[in-house]
Amino acid sequence: MSDLDVRAFTVGPVQENCYIVGSAGAAQTGTGVPAIMIDPGEEPERLLAAAGSLGVTIEAILITHCHFDHIGAVAPVAAATGAPVYCPQIERPVLADIMRWVPPGFGPFESYAADHTLAGGERLSLAGLDIEVLFTPGHSPGHLTYAVSPSAAQRGAGGTAQDTTAGSAGAAAAHVAPGGALFSGDVLFAGSVGRVDLPGGDWATLERSIGSLLRAFPPQTVVYPGHMGITTLGRERDTNPFLAELRSVGKVVSEAQAASPRR
């Protein structure tokens, strides 16, 4: 089976996770391998150098939400790669006028007019990947989560990439996610959840969004969050202290129910 090749880069003073994602099967074919970049928050030179070191071609830039720590490097990365930018529809004005929304002490960052907007429910085929766009508001009003898996063609290619590092250019953590994974932005973290005290945040909405992910995907699904380390849906369902209410009222499915794959 061909899996995902995921490279994680923690950037900027807020320690945001940017990801370069491709098919592990394609990654074995050499240079110019297609990939996507998710949430280039800061340090564009480092991210571009890492892409070059990995031998990948960034074919699209996907944004989970438009808080400054997730979009600060979008404009320079897009300019350098020519990759189109996919942005939450509701939050496009933030990306287009970024410094208006940046707190004192951060930046400066360059604004960017998104090439495509997403509202949730779309299915994209980019860089040999199948991407399902999920609307998961609560941390921000237009927040998106991306369910990413190798395309059918890549799944048939065979082979699994080795778990190696990205080298000195990126100092990235490297992971091979079986089948597919969720890129959750600031909705769900390992042992925590996104804050809701920023403009557009709402706890009840965030809780519904997390509950929808827990019900829709099996517990072994790997989650790559916008901050901190990777986790799985099952681990967060069972141990995340912020999900205690979901567990207590039965909004989180049982292990037996979750064992049936979503797709």
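Tabulated data for the structure shown
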read-out: Residue that is surrounded by the most Cβ atoms within 10 Å (Cβ to Cβ) [pool: residues in segment 101-149 that are part of a strand (DSSP E or B) and β-branched (Val, Ile, Thr)]; value: VAL148
read-out: Matching residues in segment 66-95 - criterion: being under 23 Å from GLY138 (Cβ atoms) and assigned to a helix (DSSP H, G or I); value: PHE68, ASP69, HIS70, ILE71, VAL74, GLN89, ILE90, GLU91, ARG92, PRO93, VAL94, LEU95
read-out: Single residue of LEU48, LEU54, LEU4 found to be surrounded by 19 or more Cβ atoms within 10 Å (Cβ to Cβ) and within 24 Å of ALA190 (Cβ to Cβ); value: LEU4
read-out: GLY32 vs. criteria surrounded by fewer than 22 Cβ atoms within 10 Å (Cβ to Cβ) and modelled with pLDDT under 95; value: yes
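Conditions (1) in contact (Cβ under 8 Å) with a residue 12 or more places away in the chain; (2) charged (D, E, K, R); (3) at negative phi, marked per residue:
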site: GLY32; (1), (2), (3): yes, no, no
site: ASP39; (1), (2), (3): yes, yes, no
site: ILE63; (1), (2), (3): yes, no, yes
site: ILE71; (1), (2), (3): yes, no, yes
site: PRO93; (1), (2), (3): no, no, yes
site: ALA96; (1), (2), (3): yes, no, yes
site: LEU129; (1), (2), (3): yes, no, yes
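The values are calculated or read from the model by the stated rules, or taken from the named source; none is laboratory data. All values reported here derive from a predicted model rather than from experimental measurement. Note that each Cβ is placed from the backbone with ideal geometry, even for glycine, and that neighbours are counted across all protein chains shown.
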